[in-house]
Every structure is written in C-alpha cells, then in structure tokens.
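Bear in mind that the values in this text are calculations on the coordinates, not laboratory data. From a predicted model like this one, the values you see are computed outputs, not experimental measurements. Neighbour counts run over all protein chains shown; Cβ positions are idealised from the backbone, glycine included.
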Amino acid sequence: MKNILYIVLIISLIGSVDAVPVGTITIEKEAEGAGDTLFDFTSTIGPFKLPAGAVATTTDRIEGDYVFTEALPTGWHLASISCTGGNYTVDGNSVTIHLQGGDHITCRFTNEKIVPMPEYPGALIPFIAALASLGGAAFLAKRK
C-alpha cells in the first residue's frame, strides 16, 4: 500500500507542475546586392549562417537573455539592427534579446556594401583639398 501511495504522490506532483513559459526568436537578414554572400552569426544558441533575404526562427525558448552577433564579411557594414515584439538591447553588431514567455521577437540585421573610394591621380588630391578649404562649389560659382 505504501508503494502505491508514493506513486500516486509522484504522479500528483508531476501533474501539478506548471508549464515553463516559452517564446520565439526570429532573425532576418537583409542585404541588397549580396548575391551568394553568406553572413555569419554567433549566438548563445549556437553559430549559423544566413544569405540575404533569409530568416532563421527558433521556437520554444525559455525566458532569458539571448545574444546574436553578426561577423561582418569584407566589403560590408552593418547599417542597422531593428527589432519588434519585445524587449531588446542593441550594442554595435550585436543584439541581446530579453525573452519573456509568450514573446515572439523578430530582429532584422540590415547590411550595406561599402563603396570603395575612387582612385584619383596624385596631383588631383591636393587640388580637391585646396578647393574644399576655399569653400568648394561656392568658390567655383564666384569664379564664373
């Protein structure tokens, strides 16, 4: 009889445990003109890669802080990180998501290509610097 009582007590305790609140996190990647470029991310969940236009979603995450960091490939810079649906903190190329039960937080990492500086003949650079110091276009307009 004692064994049956213990089993009933254990089943009662297991049945009365409330479900752990969970949430969902979605990471979106936006980078116009990226072609086949893969963008590397590290996170408290693990590393992953996303091409432009892709989405990564993780569900059933318990409450807590989750950090996502993008490692920028050569020739790209991070234009913005924007999030909706909950609490978050952006710091440089990282976002910390403060997930609560029932949250569905979406964060979009937007990248832009770095436009290289055009190459000018060596003699042109001092001229451009001198023109800028004299007021640039205003200087040219007065000379006409």
Checklist entry - In a shell of Cβ-Cβ distance under 12 Å around residue 109, excluding residue 109 itself, what net charge do Lys and Arg (+1) and Asp and Glu (-1) give? => result -3
Next on the checklist: Using a 10 Å cut-off around each Cβ, can you sort 78, 72, 99, 50 from fewest to most neighbouring Cβ atoms?
Outcome noted: 72, 78, 50, 99
Checklist entry - With each label point set 7 Å from Cα along the Cα-Cβ vector, what nm distance links residue 20 and residue 90? => result 3.1 nm
Checklist entry - By how many nm would the segment from residue 65 to residue 104 grow when fully extended, if each residue of separation counts as 0.36 nm and the alpha-carbon distance is taken off? => result 12.7 nm
Checklist entry - How much length is gained if the chain between residue 58 and residue 115 is pulled fully straight, taking 0.36 nm per residue apart and subtracting their Cα-Cα distance, in nm to one decimal? => result 17.1 nm
Next on the checklist: Using a 10 Å cut-off around each Cβ, can you sort 94, 80 from fewest to most neighbouring Cβ atoms?
Outcome noted: 80, 94
Checklist entry - Ranking 95, 20 by Cβ neighbours within 10 Å, fewest first, what do you get? => result 20, 95
